[in-house]
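The values are calculated or read from the model by the stated rules, or taken from the named source; none is laboratory data. What you see is a predicted model; the values in this text were computed from it and never measured. Note that we place each Cβ from the backbone using ideal geometry, even for glycine, and neighbour counts take in every protein chain shown.
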Number of protein chains: 2
Amino acid sequence: MNHSAEKFRAEIIDIDVGKSIILLHENDARRMSIHMGDRVLVHKKGCAYKKGCKCGEVALVDISDTMVSEGEVGLFNDLAAEMKVYPRSEVYISPWGKPESVNYIRKLIDGDELTKSEIETIITDMVEDRLSDIEMAAYVTASAIHGFTKSETVALTWAMVNTGEKLDFDGITVDKHCVGGVPGNRTTMLIVPILASLGIKIPKTSSRAITSPAGTADTMEVLAPVHYSAKDVKRFVDKANGCLVWGGALNLAPADDRIIKIEYPLSIDAEGQVLASIISKKKSVGSDYVLIDIPYGHGSKISNEERAHDLGKKFVWLGGEVGMKVKYLLTDGTKPIGRGIGPVLEARDALMALSGDGPQDLVEKSIMMAGELLEFSKERRKGEGVRDAKKCLEEGSALEKMRQIIKLQGGNPNITPYDLKPGKFSKQIKAEIGGKVASIDNSLISKIARAAGAPKDPTAGLYIDKHVGEKVGAGEPLFTVYAQNAGKLEDAIEISRKQSPFRVI
Amino acid sequence: MNHSAEKFRAEIIDIDVGKSIILLHENDARRMSIHMGDRVLVHKKGCAYKKGCKCGEVALVDISDTMVSEGEVGLFNDLAAEMKVYPRSEVYISPWGKPESVNYIRKLIDGDELTKSEIETIITDMVEDRLSDIEMAAYVTASAIHGFTKSETVALTWAMVNTGEKLDFDGITVDKHCVGGVPGNRTTMLIVPILASLGIKIPKTSSRAITSPAGTADTMEVLAPVHYSAKDVKRFVDKANGCLVWGGALNLAPADDRIIKIEYPLSIDAEGQVLASIISKKKSVGSDYVLIDIPYGHGSKISNEERAHDLGKKFVWLGGEVGMKVKYLLTDGTKPIGRGIGPVLEARDALMALSGDGPQDLVEKSIMMAGELLEFSKERRKGEGVRDAKKCLEEGSALEKMRQIIKLQGGNPNITPYDLKPGKFSKQIKAEIGGKVASIDNSLISKIARAAGAPKDPTAGLYIDKHVGEKVGAGEPLFTVYAQNAGKLEDAIEISRKQSPFRVI
């Protein structure tokens, strides 16, 4: 029924909004009983009133009393180009229903369980950009409040996988993930080359920092570009068994990006959604075995062992539901890993570790995890995983593999730790009393490194001169802050002055 | 600390967006660790780095990789004009925190009770347009799910009143409200002139139809303009004791409009929010006594008496909390009121009723409610309210008052029911069998009238030839559909063909 279509004069608004949005004058909207956020069908001249014509596009309505006059409809660049509508030509507008998924979001708000097909519809509409920010925010808020049932979580995971690209590799494919919260925890930079050098496929996609001083993608970017497509990942892994790329450009489980964009301004991090997001990304790259690193303890994201086990078990369960073997490890989340904090300083730690001279805690954790992955994926017998991981690091084959990956990703394969220079403005923060470093506060360390400019300035951050358990004399440096400019150095020092991240006893 | 301010070249985007939004290139945003929906402080050249300077404006960030180049910031018209920024001039951008109310919205999501001052902060930020659609949608969704406690509801009501304009009249001021759901229920069109003619102040603001075929504002608009300011309302009421205007242009409890804009696309209608919205509007116009009409029963919004009483008691309680006396009436919500459905047809019913010849049910309900208001507000003794309301209707003083109001609001005071002509395309729907009309379905009646074009076409709608309880012979008309064009008439008839709103037994 298109009897309610009305004729308008098109005004093209020279902006790409990335979504199909039209502007109506408020008087026209009122007359047509159309409200902000409603959808309309936009037809070109000559096809209105024809039932079932396919030239129309569905668009969301925004209302203005200044940008368009009565009788005019404002079409943004993207929609005008797609529909081939020219300025001042005639278009027909008629009310259009909401996508079915809006009803399912309503169900979610009401606390009703969604069926598999309802969840698929929601995720498909998200990926196809059919939902407005308001509808997306209602989804995110309602799912954070009510949580998802087990069967909803499984359906959500599959829906996220199936609406994106998928990779598949011959032979055993492994992956790892860390739930985060520990500065400097760049084990991925060692685990990928170790496993790849042992012939195991590890198509690693990583994230950038959101609230931390560096993500693995930011750190790898110091050594090579990380902005690649799924096709590139396929090529890298087919050639070198592994890669280290940014996950954001791959279109793997793309619903996740849409959801995160809405979760972020609301500081929402709903468990069911997080589980589905992580497991769907791992499934999409074709993983068979996934190791999850769950740092816990005072100062980390997960404060106690029980909650850490609880989360780990959920990963194992959900992975199993979509045909992957998942294992989790509880690790020490109470202090930073390694000594460098910030992209360049962390890349330097990693490169030094691959060269046989890195921070002991980073090396040991990486070997332990690589060994676990080897044994868990049945590629090595019990006890032989750690041994072989260690060996390949010591013999330099991991470093050689990393150089191959750096080269494939377009970086300089001959880079050395000495080429990686931290920010030119620096200041040592010294111990006021002598003693032993009893603790280092993760969140203060992150705050200082970020104030210094990390990850925006890759060379900014800090270096831990004395780690937990080490002795320090009064007046000896505890840590050194690096920045690209004097102002930010001062900002970072100001924070540590107010509250030191180091406790010396 | 403004050490993180960066210099950009301003591009002015010739669009009014009504909110402070800027566009950054995605590479700049990433480098600065700024995400979509984050806020930034926009400074003009020469004032960055100066702590505490007041020339900056806080704006929400949108991210694009096509509309602005790296190093450019897109400023929309409104912000550029407000800041007096010229094309290609230098501006400084630095990250800015979220408004405090975003934390309180988080609290709401977590199910924690908000304090009075937290609610005031949220409502103030809403009215000042400091919240994004995403944050607004999270507020609306979370409050729909968790509901509000009693003290939250009271705080919300006061906050809504205090962030808008307020009217105050000498002497007793009364008001009425109907929770809706019954087509044709235009008692306001009679109650206002009755009470005003008896010297009682009734500054009536009404809404337009959202999902119904006509709101009181749409119906009154047939007789006179309804788009007026609070100052106009003051003038009308000072002169004529009453008015009938659209509530949307008054800036009374304006937070409500913001909230409704977000609730509407989500079909959310949360009880605590509805209570606070209605009571705050009544408080804002300076009401002392408010009568609430709660139609209930099969086919109405509220299906049973218990729920209707429950809602009524909440209105009484909340009104009392903000210093108003509220009374509620349970009325028959099972069938339409009057005979005309649609703005012109309902205005005709009302005008006929004022002239002594209207539909009996509409007249009786209006007299009963006007009488209740007179007695409840102590303006008449028990038993004398209905008597005097009836008298003033019969003697024509209510009609005279209505003509005065129509004239004051800029309409033609000499209009007669015969001037109000329904749509030129019409069709009678006839009874297939003879008998008695047992029921008329409210939602089908609304659907048919809307399909015919109401409220968009004011002359569209339908006329009930035989009401519930009346006898009808086979082949006699049950109702007549009116439309402005043949297509819509056909659409409306098609609906009644599929399922008749009339049950004849």
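Points to keep in mind about this one:
- Candidates B:D349, B:D361, filtered to the one that is in a helix (DSSP H, G or I), touching a strand residue (DSSP E or B) at 6+ places or on another chain (Cβ under 7 Å), assigned by TED's automatic domain parsing to the domain that holds B:V179 and in contact (Cβ under 8 Å) with a residue 60 or more places away in the chain: B:D349
- Test: residue in region A:101-112 that is closer than 21 Å to A:V40 by Cα, touching a residue at least 60 places away in the same chain (Cβ under 8 Å) and surrounded by fewer than 22 Cβ atoms within 10 Å (Cβ to Cβ): no
- Any hit, region A:39-62, residues being assigned to a helix (DSSP H, G or I), within 13 Å of chain B (Cβ to nearest Cβ) and surrounded by 14 or more Cβ atoms within 10 Å (Cβ to Cβ): no
- Out of A:R88, A:R106, sole residue that is within 9 Å of chain B (Cβ to nearest Cβ), over 16 Å from A:S20 (Cβ atoms) and among the basic types (K, R): A:R106
- Only one of the numbered conditions (1) in a loop (DSSP other than H, G, I, E, B); (2) surrounded by fewer than 24 Cβ atoms within 10 Å (Cβ to Cβ); (3) modelled with pLDDT of 95 or more is not met by B:G180, and that is (3).
- Cross-chain or 6+ apart pairs with Cβ under 8 Å, region B:476-505 first and within 10 Å of chain A (Cβ to nearest Cβ), then modelled with pLDDT of 95 or more and surrounded by fewer than 18 Cβ atoms within 10 Å (Cβ to Cβ): B:A483/B:S426; B:L489/B:S426
- Scope region A:113-137; condition under 30 Å from A:I13 (Cβ atoms), surrounded by fewer than 18 Cβ atoms within 10 Å (Cβ to Cβ) and of a type in the set (S, T, Y); matching residues: A:T124
- Identity of the residue in region A:146-156, touching a helix residue (DSSP H, G or I) at 6+ places or on another chain (Cβ under 6 Å) and more than 14 Å from chain B (Cβ to nearest Cβ), that ends up surrounded by the most Cβ atoms within 10 Å (Cβ to Cβ): A:L156
- Test for A:Y92: is it assigned by TED's automatic domain parsing to the domain that holds A:R31 and either surrounded by fewer than 24 Cβ atoms within 10 Å (Cβ to Cβ) or in contact (Cβ under 8 Å) with a residue 24 or more places away in the chain (or both): yes
- A:I200 hydrophobic (A, V, I, L, M, F, W, C) and away from chain B (no Cβ under 14 Å): yes
- Some residue of region B:250-269 being acidic (D, E), more than 10 Å from chain A (Cβ to nearest Cβ) and within 11 Å of the chain's Cα centre (by Cα): yes
- Criterion violated by B:T331 - all others in (1) β-branched (V, I, T); (2) over 30 Å from B:D129 (Cα atoms); (3) surrounded by 24 or more Cβ atoms within 10 Å (Cβ to Cβ) satisfied: (3)
- Selection status of A:R497, crowded, with 22+ Cβ neighbours inside 10 Å, out of contact with any strand residue (DSSP E or B) (no Cβ under 7 Å at 6 or more places or on another chain) and not hydroxyl-bearing (S, T, Y): no
- Here B:S143 meets each of (1) within 30 Å of B:N27 (Cα to Cα); (2) within 11 Å of chain A (Cβ to nearest Cβ); (3) in contact with a Leu (Cβ under 9 Å, 6 or more places away or on another chain); (4) not aliphatic (A, V, I, L, M) with one exception, condition (1).
- Scanning region A:82-116 for residues that are among the aliphatic types (A, V, I, L, M) and within 24 Å of A:A29 (Cβ to Cβ) turns up A:M83, A:V85, A:V91, A:I93, A:V102, A:I105.
- Selection status of B:A159, at the interface with chain A (Cβ under 10 Å from one of its Cβ atoms), outside any loop (DSSP other than H, G, I, E, B) and within 23 Å of B:V274 (Cβ to Cβ): no
- Meets criteria (surrounded by fewer than 19 Cβ atoms within 10 Å (Cβ to Cβ) and at positive phi) for B:G461: no
- Every listed requirement among (1) modelled with pLDDT of 95 or more; (2) within 18 Å of B:I292 (Cβ to Cβ); (3) within 14 Å of another protein chain (Cβ to nearest Cβ) is met by B:M189 save one, (3).
- Exactly one residue out of A:V274, A:V326 is over 19 Å from A:T216 (Cβ atoms) and without any contact (Cβ under 8 Å) to a residue 60 or more places away in the chain: that is A:V326.
- Scanning region A:290-310 for residues that are assigned to a helix (DSSP H, G or I) and surrounded by fewer than 21 Cβ atoms within 10 Å (Cβ to Cβ) yields a count of 5.
- Pairs are defined by a Cβ separation below 6 Å, a sequence spacing of at least 6 or placement on different chains, a first member in region B:404-427 that is modelled with pLDDT of 95 or more, and a second member that is aromatic (F, W, Y); the pairs so defined are B:L408/B:F236; B:P422/B:Y482; B:G423/B:Y482; B:S426/B:Y482.
- So B:L393, is it surrounded by fewer than 20 Cβ atoms within 10 Å (Cβ to Cβ) and either part of a helix (DSSP H, G or I) or assigned by TED's automatic domain parsing to the domain that holds B:G297 (or both): no
- When restricted to residues that are surrounded by fewer than 16 Cβ atoms within 10 Å (Cβ to Cβ) and among the charged types (D, E, K, R), region A:68-89 contains 4.
- Unique residue being buried (at least 24 other Cβ atoms within 10 Å of the Cβ), of a type in the set (G, A, S), away from chain A (no Cβ under 13 Å) and in a helix (DSSP H, G or I) when the list is B:S280, B:S287: B:S280
Residue by residue, here is whether (1) in a helix (DSSP H, G or I); (2) aliphatic (A, V, I, L, M) holds:
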site	(1), (2)
B:K98	no, no
B:Y104	yes, no
B:L108	yes, yes
B:L114	no, yes
B:Y139	yes, no
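- Taking region A:442-458 as the range and being buried (at least 24 other Cβ atoms within 10 Å of the Cβ) and away from every other protein chain (no Cβ under 14 Å) as the test, the residues that pass are A:N442, A:I445.
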